[in-house]
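First up is the structure itself, then whatever we jot down about it.
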Amino acid sequence: MFNLKINPFLYFLFFLAGLTGEITTLAFSFCSVLLHETAHVVTAFGFGYQTFSIELFPFGGVARMEASLFNDPLAEAVTALAGPLESIILALLLGTVSPLLHLPALTEDLARINLGLGFFNLLPLYPLDGGRVLLSFLAHRNGYKKAAQATIKWTRIIAFSAGIPLTWLALQKTIPFHLPILLFSLMISTQKNNYLYSYWAQQTRKTTLLAEEGLLPSQVWVVEAKRKVGEVLPFLTGKNYHLFFLTDKHGKIVGEVTEEQLVLSLNQENSLHTNFYQILVRQDKSKLGE
């Protein structure tokens with residue numbers, strides 16, 4: 001099972017659609033995006049990876065996959081392509097069948113929406129599917145961290161460069177106003193850090209190295225128990241094994257968290273908002289249950 005999350009900007013888009021009488025079109029788009037993301041979910045599951053959540057944005061949707069998928073560039077690329085292919089194939093089927101069966105005109109609208117959704121998501125901009133394919137290609141050559149930095153930088157440059165003239169054209173009523181809004185949404189989505197995926201890639205390499213050599217260089221951290229995992233991950237890339245001593249507000253050490261416990265927490269929740277104290281408490285409860 002996975003959670004369905006709706007970005008706040010999408011509510012604003014529904015509000016605008018209600019004012020302009022485009023609510024039916026937006027509802028079709030909403031359903032099309034769900035089918036699109038379902039194709040990602042099914043494909044990832046076929047490769048043996050889980051999906052934790054689907055988040056819907058004004059420009060489409062993003063399926064939050066099991067982090068280890070990003071260590072498998074081929075599976076990631078195929079999973080990314082599955083969504084646009086589903087949308088385009090569905091559009092072609094609807095476009096072919098609708099005239100033959102004399103289906104309502106709404107079917108043609110649904111076909112048009114899916115065709116646009118499929119080709120739009122093939123654009124090489126992160127986190128669109130085309131951007132994920134680009135990221136997978138670069139990760140295979142340069143590693144995930146450098147690939148993520150390059151892909152996000154490229155997306156921001158294109159979104160900003162195209163956003164200004166598109167906004168001007170929208171104000172002139174030459175193009176629909178939702179196009180610059182879509183680009184703005186892309187820029188907002190790139191603000192999320194990719195440290196989780198970078199850490200996973202490094203952690204997988206460390207596990208392999210430990211199995212081969214039987215030892216790893218280590219690094220000890222003293223961390224306030226209230227600190228969130230996401231605040232610490234940027235410092236954890238590299239080959240060192242990490243051990244965390246947790247302190248309370250008075251500086252007293254209250255416990256320790258190993259890297260295995262940190263990985264287990266990330267694997268279970270896929271969240272950077274968990275603090276170290278929560279990991280410690282969960283570990284203590286697990287010991288009491290044994």
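Observations on the structure shown:
- Taken over the stretch 250-290, the residue count meeting the criterion of being modelled with pLDDT of 85 or more and in a loop (DSSP other than H, G, I, E, B) is 3.
- The stretch 1-40: number of residues that are of a type in the set (Phe, Trp, Tyr) and modelled with pLDDT of 80 or more: 2
- Checking each residue in the stretch 205-229 for being part of a helix (DSSP H, G or I) and surrounded by fewer than 16 Cβ atoms within 10 Å (Cβ to Cβ) picks out ARG205, THR207, THR208, LEU209, LEU210, ALA211, GLU212, GLU213.
Quick grid of which residues meet (1) surrounded by 15 or more Cβ atoms within 10 Å (Cβ to Cβ); (2) of a type in the set (S, T, N, Q); (3) closer than 18 Å to LEU56 by Cβ:
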{"residue": "GLY130", "(1), (2), (3)": "yes, no, no"}
{"residue": "LEU138", "(1), (2), (3)": "yes, no, no"}
{"residue": "ASN142", "(1), (2), (3)": "no, yes, no"}
{"residue": "THR151", "(1), (2), (3)": "yes, yes, no"}
{"residue": "ARG156", "(1), (2), (3)": "yes, no, no"}
{"residue": "ALA159", "(1), (2), (3)": "yes, no, no"}
{"residue": "PRO165", "(1), (2), (3)": "no, no, no"}
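- One residue stands out in the stretch 126-144 among those that are assigned to a helix (DSSP H, G or I) and more than 15 Å from the chain's Cα centre (by Cα): the one that is nearest to GLU86 (Cα to Cα), namely PHE137.
The values are calculated or read from the model by the stated rules, or taken from the named source; none is laboratory data. As the structure is a prediction and not an experimental result, all values here were calculated from the model. Cβ atoms come from the backbone with ideal geometry, glycine included; neighbour counts cover every protein chain shown.
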